[in-house]
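Shown next, in C-alpha cells, is the structure this report addresses.
A short reminder: the numbers here are calculations on the coordinates, not readings from a lab. In this text the structure is predicted, and so the values were computed from the model without any measurement. FYI the Cβ positions are ideal-geometry reconstructions off the backbone, even for glycines, and counts take in every protein chain you see.
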2 protein chains.
Amino acid sequence: MKRPTIADIARRAGVSKGAVSYALNGQPGVSEATRKRILSIAEEIGFNANSAARALSGARARAVGLTLCRPAKLLGIEPWFMGLISGFEAELGARSYALTLQVVATPEEEIEVYRRWWGERRIDGVIVTDIRKDDIRIPVLQQLQLPAVVIGGPGETGSIAQIWSDDAGAITEAVRYLVALGHHRIARVSGVSDLLHTQNRTKAFETVCASLGLDHARTIPADYTGEEGSRATRRLLIGGDRPTAIIYDNDVMAVAGLAVAQEMGLSVPGDLSIVAWDDSPLCSLVHPPLTALSRDISAYGAQAALELLNAIDGRKVGNVEAGRVHLTPRGSTAPPR
Amino acid sequence: MKRPTIADIARRAGVSKGAVSYALNGQPGVSEATRKRILSIAEEIGFNANSAARALSGARARAVGLTLCRPAKLLGIEPWFMGLISGFEAELGARSYALTLQVVATPEEEIEVYRRWWGERRIDGVIVTDIRKDDIRIPVLQQLQLPAVVIGGPGETGSIAQIWSDDAGAITEAVRYLVALGHHRIARVSGVSDLLHTQNRTKAFETVCASLGLDHARTIPADYTGEEGSRATRRLLIGGDRPTAIIYDNDVMAVAGLAVAQEMGLSVPGDLSIVAWDDSPLCSLVHPPLTALSRDISAYGAQAALELLNAIDGRKVGNVEAGRVHLTPRGSTAPPR
DNA sequence: GCGCATCACTGAACCGGGTAAGTTCTGGGA
DNA sequence: TCCCAGAACTTACCCGGTTCAGTGATGCGC
C-alpha cells in the first residue's frame, strides 16, 4: 500500500505542492475554497505528513525524549514512572507529539543518549527526572541548547524549566499529624540519598522534628527498593527504643515495611504506624491500607509536558510548583498503644 | 551549537558527501585509509546522522512503536509492562533503535495510532500486546504491511510473528501442586476475559480440574485491578463451601486477595493458599510472600524485540515459545488445615 | 484609465543523508 | 603500447515536506 504524499493531493486538487502545504498548515496563501477542497482530499485519502520530511525541513521532530535511570527491577514495580508517562501522554498525544523512551544505567549514559538524540535531531526536547545536587546533566543540556524540563527540586537548574512539589511542606504535615496522634518516636526511611528531593525531605524532616522537640527522630537511608525498605525497617524495629511511627519515601518500601512488622508480630497500626510517600493503588491494596502523602502524579506529568512544549516553542518557562501534596489517612496510622 | 553533518566531515576530509556516506555505512567504494580518516573525523566532531534525513531517503525510521491500552491506574502498578519495556530496550538500544510509546484507551484508538504512525513513517514496526480472539488490529497491520510482533497467544495471527508462553502448562502445574498439598476446593480469579491468554488459561484450568476430579473448581472473571481482585475474593470467601486455595491471574489481584483474607481474619496459608501469576518484586514484598508462577518478563520482551527486528529486516519470522513458566513456592501456599 | 497594493498561487531551492551512474586513475596482461 | 578491469572516488538526483521569491489576476482609489 503506497503512502499518500502532498504531491498526490496536489495532483488531485490541481494545485502545486506549496499550496497544499499552506492549506494543511493553516498558513495564509490559499483561498478558503481551495483550502477546504485540499483538506477534504487529504481526509479522503487518509493523508498523514511524513514525519521525517517534516523534521528535515522544519527542524521539528515532534517527539520528546524520556530516559529512565533505575534498575529494571525497581522500574517495574514503582508506579511513579508509569503515572508520569500517562500524564505526559495526555498533553503530548493531544498535539500528536510522540514520546521516545530509553532505559539507561547511569547518568553518564544518559548524557550520551541526550547527545545522540540531539545529533540525530530525533527529539525536540527532554524530560529530566531524578535530579541531583550539581547535576552533571544540566550543563550538557544547556550547552546543547536542548529544550528540557526538570522534574523535582526545587534546585538550581539555571535557565531550564522546573516542576517541583512542596516536599518540605508535605513531610512537615505528616510529622505534625503523627505527633497529634501522640507519637514521639518517629523515624523515616529515605530514598536514594543523593537525589535532590531526598535531601530536601531530609532537611525538612530534621527541621520539623527539632522544632517539635522530637529527640528520637532519625532517617535511615535506603534506595526505594523493597529489599532495602525491609532491611531499614528491621534495623529500626529491633532497637531498644523502637519508633512508634515510620515515614517511608515511597510506597514500595512502605509495603515492605508493613510486611516486616507483620512478620515480627507487631500490629499495624497498634504497635507501629506507617506513612507512605506517594499514594498509589498499591497503598490501598494491602491490609491495613496505608496512610499516604498523595499527589496527582499524572497531573504532575501533564504539567511537565506542557512546560516542555512551551520551552520547545520558545515561550517563556519558569519554575512551577505542582499541585499540593496532601495527607490521605487510612488504616495504617493510629495513636500508639 | 551547530550540529555536524556529513558535509562538514566531507569538507574536513577533502572528499565528497557520497564518499563520507559510503565510509560511515561500511559500504564498498572508499579505500581503507580514507574510511579510517573519515571515521576518526566523525568521532572527533561527535557526528550523529540526522535521523530524519536518513529516514527520508532510506525509508527506515530506526524506531519501533508500542501502544499501551490499559487504564492509567492499572498501568502504573502492574510491573508487567515495565518489565517488557526493559526487555525491548536491551535489544533495541544495542542497535540504536528508539522505542516510541503511546497510551491509548481502546483498540480502535490503537488502530488509529498505527495508521498515523504508518502514514508518518515514524516507526518501522510495532509490538502488539493484549491480543484478543479475532483481534481487529491484525487485519489492519496486514493491510498496511506494517512489520509487527504479537505478544501472547498462541492464536491465529496469520503472517505476523508471535511470542507466547505455555500458559496451559503453567496453570496445570499450579493446580497439580495445590492438589499434591491436599487442596480440593480450588478457585481462580481471572484477568480481562476477552484476552486470548485469559481464555487459554481458563480452558486449561477447567481441563486439569476435570481430569483431577475437582468438583468445586471455578473461575471468577475480574480485570487485573486490585478492586476487582478484592471483590472476586470476597465473593469466593463468603460462600458456604469456600475454596482453600485461589490462583490469581496477576500479582496485583493476588496481593489484593491476600489483604481481603487478612481483613476477614483468615490466615494465609493456614486457611487459604494463594498463587499469583507473574512473579514480581511485589510478590516477595508482602507477608507472607506469595507463591508465584514466574517467568522472565524482561527476556520475553527482548525476544519479542529481536523477532520484530527480524521482521523489519525482512527475515523469516515465526511462532516462538518464550522461556518456560515455572512455579516458585513461597509462604502463601501450604496444606489446608 | 492608470498605478499600485493585495490575493492566490507557482516554481524552485532547501533540509541532510542515500545511492545509481558517471569519471578518473592505476596496474596488469597481451 | 594499448586496452581493459576494477578501485576510488565525484556528481547529481531522490526522498517529502517547508518556505521564499516571483507571477498573474483582481480590486481599489484617484
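Peptide A:45-57 is shielded by partner chain Cβ atoms: per residue, an average of 6 of them sit within 10 Å of its Cβ. Under the classification rounded if a/c is under 1.5, otherwise prolate if a/b is larger than b/c and oblate if not, where does region A:6-49 fall, given a ≥ b ≥ c as square roots of the Cα gyration tensor eigenvalues? The shape class here is rounded.
Taking 1 over the mean of 1/r across every pair of different Cα atoms in the protein assembly as shown, what Kirkwood radius in Å do you get? Walk me through the intermediate numbers first.
Working: mean 1/r = 0.0367 Å⁻¹.
One over the average 1/r among Cα pairs gives 27.2 Å for the protein assembly as shown.
For B:E206, the shell of other residues with beta-carbons less than 14 Å away shows a net charge of +2, using +1 for Lys and Arg and -1 for Asp and Glu. For the peptides A:27-36, A:317-326, the ranking by packing is A:317-326, A:27-36, with the highest mean count of neighbouring Cβ atoms within 10 Å listed first.
Hey, got a sec? Which trypsin sites (Lys or Arg not before Pro) in region B:88-190 land in a DSSP loop and have at most 14 other Cβ atoms within 10 Å? Before the final figure, lay out the partial values.
On the way: sites: B:R95, B:R115, B:R116, B:R121, B:R122, B:R132, B:K133, B:R137, B:R176, B:R185, B:R188; in loops: B:R95, B:R121, B:R122, B:K133, B:R185.
Loop-located and lightly packed - B:R95, B:K133.
Quick one: work out the % antiparallel among DSSP beta bridges in the protein assembly as shown, nearest 5. Restricted to the protein assembly as shown, the bridges split so that about 15 percent are antiparallel. Could you size up the charge dipole of region B:247-333 around its Cα centre, putting +1 on the beta carbon of Lys and Arg and -1 on that of Asp and Glu, and report it in debye to the nearest 20? Using Cβ point charges on Lys, Arg, Asp and Glu, region B:247-333 gives about 240 debye. Take A:T207, push a point 7 Å out from Cα through the beta-carbon direction, and compare it with the same point in every other copy: 6.4 nm, smallest first. Neighbouring Cβ atoms from other chains, within 10 Å of the Cβ of residues in B:295-302, number 1 on average.
The Cα center of region A:120-140 and the Cα center of region B:1-44 differ in position by 29 Å. Descending by average beta-carbon neighbour count within 10 Å, the peptides B:273-279, A:293-299 line up as B:273-279, A:293-299, the highest first.
Name the residue from B:G270, B:I111, A:G229 whose Cα lies farthest towards the positive end of the charge dipole of the protein assembly as shown, charges +1 on Cβ of Lys and Arg and -1 on Cβ of Asp and Glu. My answer, from the dipole projection, is B:I111. Note that region B:45-55 has calculated 3J(HN,Hα) couplings of 8, x, 6, 10, 5, 4, 5, 5, 4, 5, 5 Hz, one per residue in order, obtained from phi through the Karplus relation 6.51 cos²θ - 1.76 cosθ + 1.60 (θ = phi - 60°); glycine and proline are x.
Over the protein assembly as shown, dividing the summed -39,500 (n - 2.57) contributions of all DSSP H runs of at least 4 residues by the number of residues returns a 222 nm mean residue ellipticity of -14500 deg cm²/dmol.
Please label the shape of region B:1-144 as rounded, prolate or oblate, based on the square roots a ≥ b ≥ c of the eigenvalues of the alpha-carbon gyration tensor (a/c under 1.5 means rounded; beyond that, a/b larger than b/c means prolate, else oblate). Write down the numbers at each step before the final one.
On the way: a/c = 3.13, a/b = 2.38, b/c = 1.32.
Prolate shape, in that a/c is at least 1.5 and a/b is the bigger ratio.
Placing unit charges on the Cβ atoms only, positive for Lys and Arg and negative for Asp and Glu, gives region A:185-337 a dipole magnitude near 340 debye about its Cα centre.
Considering only beta bridges that DSSP places wholly inside region B:61-337, some 10 percent are antiparallel.
Work through the residues other than A:D271 whose Cβ is under 15 Å from its Cβ and net out their charges, Lys, Arg +1 and Asp, Glu -1. It would help to have the intermediate numbers written out before the result.
Numbers: positive: A:R185, A:R234, A:R242, A:R337; negative: A:D241, A:E263.
Here the charged neighbours net out to +2.
Provide the FRET efficiency to the nearest 0.05 for the A:D271-A:D194 pair, computing r from the beta carbons and using R0 = 35 Å. If you can, show how the numbers build up before the last one.
On the way: r = 33 Å, r/R0 = 0.94.
Calculated value: 0.60.
Karplus-based coupling profile of region A:300-314, in residue order and whole Hz: 4, x, 4, 5, 5, 4, 4, 5, 5, 4, 4, 4, 5, 7, x, with θ = phi - 60° in 6.51 cos²θ - 1.76 cosθ + 1.60 and x standing for Gly or Pro. Mean per-residue shielding of peptide A:283-291 is 5, counting Cβ atoms of other chains within 10 Å of each Cβ. Overall form of chain A: prolate. Here a/c, set by the Cα gyration tensor axes a ≥ b ≥ c, is 1.5 or more, and a/b is the larger of a/b and b/c. Electrostatic bookkeeping for A:R188 treats Lys and Arg as +1 and Asp and Glu as -1; over the other residues with beta carbon under 13 Å from its beta carbon, the sum is +2.
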